[in-house]
Amino acid sequence: MLRAEGLKHSFGAVRALDDISFTVQSGQTLAVFGPNGAGKTTLLKVLAGLIQPQRGRAQVDGGRRAIGWIGHQPQLYAQLTVRENLRFWASLYDVSVPAELLSRLGLEEHAGRPVRALSRGLVQRVAIARALLHDPTVLLLDEPFTGLDRVAAEALSRLLAQHGAGGRATVLVTHNVEEGTGLATHVAFMRAGRFVHFAPRAGRGPQQVGEEYRNAIA
Amino acid sequence: MPLPDLLRHSWSVAAKDLLVEFRSRTAILSVAVFVVLVLVVFNFGRDPTAVSNVDLAPSILWVTFTFAAILALNRAFQLELENQALDGLLLAPIDRSSIYVGKLVANLVFVATIELIGVPLLALFFNVRVLPYLGPLVALIALATVGFVAVGTLFSAMTVRTRFAELLLPVLLLPFMIPPLSWAVLATGRLLAGRPLSEIVGWLNMLAVYDIVFVALALLLFPATVNE
């Protein structure tokens, strides 16, 4: 469903990706943990086709149409309403906004409000709706929990769990081991552009993964 | 990608840009004020006994449009950086040329609105007759505008991720604007002086060729310019 083979990419002297290879099958969720500057966002952008790697290749079955992206920036227009934003993005995917999407995310009563008038948690919910409106089979998540309160974070976790249970693939990059581990079927630790650990989660809890992460990154 | 899909996606991008501008009205208001101020300053700063209005008006008109258009073009891709919407556009399964065409259409509507304000003000302040030549004048302004907005939209995309985008855009764009602007100024001068249309046909043809060449080049180059 998603393959990365020998990815290498540098920004000047900074090596952002250094020989990264992995595969994510349908139903799997890979959580990539790493400190700031480890190359996590670059990895996601390469997988999405937003950056052409200098070496190696990334392939997503179904191409760009199959990808849904949720980042810490919502990719929304602040002056437009929630409905106008979703209609615009839906038009680029040649779909209409699924009727149940707004209600599923609790956005019905906010549909006519401009995005700039919404709280951070609500904006993130709209960003999730934007990412899911074309029913993607691969979700790429870049620090999706940033700025969310506990309730919103739990709601997002539930949604992502449903996504994985529906046989889709997810790659999540974050520095927050607590929030990422619960969703993951596979775990990777990233440092200076390299995977220093990549394995199935195999029943490990956030505490154990966190300890292993700290040891690997130290 | 089939042409109907490209046009549909282009229209989506253009309509979104115009709706965003309609909601905020910040750019159009500031540029409209700029146009009025420039024309007022030139009106009071000129010496009517030194140069006739008909000789002076074309240069002032096009200088005003040039700088107003640069202000407008600067914002074309800036709004996509807010909340990283540009990444969303690049991720969408659309031909990247449709992003360019959509931006070009929105910028043309924006600059045309400025020109709609500027031409009557020029006629008022400089006491030049435009109504008898309105048809050819509109065609001339449209041909010149398409050319420099086409180049400006491309350069706006190229410079938007740089640190000095607002400075870099005019530096890159102005040399490319010299040919269409000089043809437009010369042709406008002939029109306002009441010369026969046959005298400006050559410049109109040159402007049309410039438009075709640079729109085609921009369509070709745009996908490469937006890659990170």
In peptide B:84-97, how many Cβ atoms from other protein chains are near each Cβ within 10 Å, on average? 6
Rounded Å value of the spacing that divides the Cα centres of segment A:4-50 and segment B:109-126: 51 Å
Relative contact order, percent, of segment A:75-136 when contacts are C-alpha pairs under 8 Å separated by at least 6 residues? 48 percent
Computed Rg/Rh for segment A:72-169 (Cα atoms; Rh = Kirkwood radius) stands at 0.93
Longest site-free stretch - chain B; sites: trypsin sites (Lys or Arg not before Pro), DSSP loop, at most 15 other Cβ within 10 Å: B:26-128
Between segment A:159-174 and segment B:53-87, what's the alpha-carbon centroid distance in Å? 44 Å
Size of the dipole of segment A:50-95 about the Cα centre, Lys and Arg at +1 and Asp and Glu at -1 on the beta carbon, nothing else charged, in debye to 20? 160 debye
Shielding by partners, peptide A:66-74 (average Cβ within 10 angstrom, other chains): 3
Mind checking the dipole of segment B:1-117: about its Cα centre, +1 per Lys or Arg Cβ, -1 per Asp or Glu Cβ, Debye to the nearest 20? 160 debye
Check the straight Cα-Cα distances from B:LYS16 and name the lysines below 28 Å, setting aside those fewer than 8 residues away within the same chain. A:LYS45, B:LYS103
Relative pair counts by distance (%), Cα atoms of segment A:1-117, 10 Å bins: 11, 34, 28, 22, 4
Step by step: find N for chain B, compute 2.2 N^0.38 Å, then divide the Cα radius of gyration by it. What's the final number? 1.05
State, in angstrom, two size descriptors of segment B:71-163 derived from its alpha carbons: Rg to one decimal place and Dmax to the nearest whole number. 16.5, 52
Here the relative contact order (percent) of segment B:3-225, from C-alpha pairs under 8 Å and at least 6 apart, is 28 percent
What's the ranking of A:120-130, A:59-69 by average number of surrounding C-beta atoms within 10 Å, highest first? A:120-130, A:59-69
Averaged across B:35-42, how many Cβ atoms of other chains sit within 10 Å of each residue's Cβ atom? 0
Express the Stokes-Einstein translational diffusion coefficient of segment A:113-218 in µm² s⁻¹, to the nearest whole number, given a Kirkwood radius over alpha-carbon pairs, 20 °C and a viscosity of 1.002 mPa s. 143 µm²/s
Any idea what the dipole of chain A comes to, in debye rounded to 20, about its Cα centre with Lys/Arg Cβ at +1 and Asp/Glu Cβ at -1? 400 debye
Considering only B:PHE44, B:VAL171, B:ASN83, whose Cα is most displaced toward the positive end of the charge dipole of chain B, charges sitting on Cβ of Lys, Arg (+1) and Asp, Glu (-1)? B:PHE44
Where does chain B land at 222 nm, in deg cm²/dmol rounded to the nearest 500, when only DSSP H runs of n ≥ 4 count, each adding -39500 (n - 2.57), divided by all residues? -29000 deg cm²/dmol
Picking from B:VAL215, B:ALA32, B:ILE99, whose Cα lies most toward the positive end of the charge dipole for segment B:3-225 (charges on Cβ: Lys, Arg +1; Asp, Glu -1)? B:ALA32
Can you tell me the Rg and Dmax of the protein assembly as shown, counting just the alpha carbons, in angstroms? 26.2, 90
Translational diffusion coefficient (Stokes-Einstein; Kirkwood radius from C-alpha pairs) of chain A at 20 °C, 1.002 mPa s, in µm²/s: 121 µm²/s
Apply the Debye scattering formula to segment A:17-62, with a single equal point scatterer on each alpha-carbon and no solvent, then give log10 I(q)/I(0) at q = 0.19, 0.22, 0.24 Å⁻¹. -0.66, -0.89, -1.04
Listing A:LEU86, B:LEU3 from the residue with the fewest other Cβ atoms within 10 Å to the one with the most, what is the order? B:LEU3, A:LEU86
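Values quoted throughout were computed directly from the atomic coordinates according to the rules given, and no laboratory measurement underlies them. All of these numbers come straight from a predicted model, not from anything done at the bench. Quick reminder, even Gly has a Cβ in these numbers, built from the backbone with ideal geometry, and neighbours come from all protein chains shown.
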